[in-house]
1. Using Cα springs under 10 Å in a Gaussian network model of the chain, which residue among V192, V122, V47 shows the largest mean-square fluctuation?
2. Lysine pairs in segment 3-107 with Cα distance under 21 Å, only those 8 or more apart or on different chains: how many are there?
3. Order by neighbour count: K33, K275, fewest other Cβ atoms within 10 Å first, most last.
4. Mind pulling the per residue volume of the convex hull built on the Cα atoms of segment 247-301? Å³ is fine.
5. Would you mind listing how long the chain runs along its three principal axes, going by Cα atoms, in whole Å with the largest first?
6. With 10 angstrom as the radius, rank T65, T21 by how many other C-beta atoms surround their C-beta, starting from the fewest.
7. By count of other Cβ within 10 Å, fewest leading, how are E191, E25 ordered?
8. So what J values fall out for segment 212-229 if you push phi through Karplus, 6.51 cos²θ - 1.76 cosθ + 1.60 with θ = phi - 60°, rounded to Hz, Gly and Pro as x?
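A short reminder: the numbers here are calculations on the coordinates, not readings from a lab. Not measured: the values here are computed from a predicted model. Positions of Cβ are backbone-derived with ideal geometry, glycine not excepted, and every protein chain shown enters the neighbour counts.
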Amino acid sequence: MGILTIMKAQKAYNLQAKGNTAEAEALYQQCMKEGLNQPRYLLGYSVLLLRSGKYQEAREVLVKTQKAPGLTQDQRSQMLMNYAAAIYRLGDIDKGINLLERQHLHSPSGRMYQTLGYLYVVKYDAANRPDFDALDAAAQAEREAAAAAKAAEAADEGEGDENEFPAEAEDVPGAPDEPEAEAEKAVSAREVWEAGIAKAKAFIEESVDYDEEDSICLDNMAQFYYRVLGDRETAKEWFEKAIAEKDDQMDTLWFLSRYDLEQGDTAKALERLEKIRGNRFSPLNYVTPEMVDEEIKRLEA
């Protein structure tokens, strides 16, 4: 990589900042072929790809970024957040959450609270609630299969030794009258889910304590009550706090428009939706351009 590549990357970075994404992407692609390894520009390119919905390409750029020379701690945090967003959209939200949880322990930040908080909302959205009975049945079948395999292995090891006698339960000091139960009671899928919700709620509350004026963290809290807990009344209070801090925040506008429609105020809902149009969407938005356009058409009709 030479000085001309860096100059080209700087131009792409500036074009991206001005909204000329197509031209910026073309330049970034040239730079990548020339061996671009500057963290600042690689991160910029990853953001462009994420906003364009090119999640696999963004992931590949971020994998290269982790090996870039001179990567600062702040840049590493940004890289991990971008990577988590990419793999969440590629279908592996648990891996993204695990990455950010570990990073948060080392270097908490406002951006980390925003990103991890939102991923918690997505993971525990009531719409994503699993079939607890099916999960418990599968876990029980797995435990029984493992126990059977262990018993078979023990039987194989004991074959042919005529001088060795297994002790009866009553001959073993302290042995239970009934067959030995598992050392620990298996945790049900519902218990795991509810523990996850409690952890997520505590984290989002912590994020608001960290910065009570952070509009994204306020919106995360609102969405948590709305989507996870189903408490729409409390959610609305938090949405109102979020919109007071940032009046063009897209997800907040979308959810507040739902309340407007419930109250029969279609004009107000349309006003909010029109305000969303033209904003830069990210993979960490609940609302999409398609959702907004379709809803406006529906309401205008």
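1. Of V192, V122, V47, the most mobile in the Gaussian network model is V192.
2. 14
3. Working: K33 9, K275 16.
If I rank by nearby Cβ atoms, fewest first, I get K33, K275.
4. Details: hull volume 3.8 nm³, N = 55.
Dividing the Cα hull volume of segment 247-301 by its residue count gives 70 Å³.
5. Result, largest extent first: 85, 60, 37 Å.
6. On the way: T65 25, T21 17.
Ranking T65, T21 by Cβ neighbours within 10 Å, fewest first, gives T21, T65.
7. Working: E191 13, E25 19.
Lowest to highest Cβ neighbour count: E191, E25.
8. Result, ordered by residue: 6, 10, 6, 5, 6, 5, 5, 5, 4, 5, 4, 5, 4, 5, 6, 8, 8, 8 Hz.
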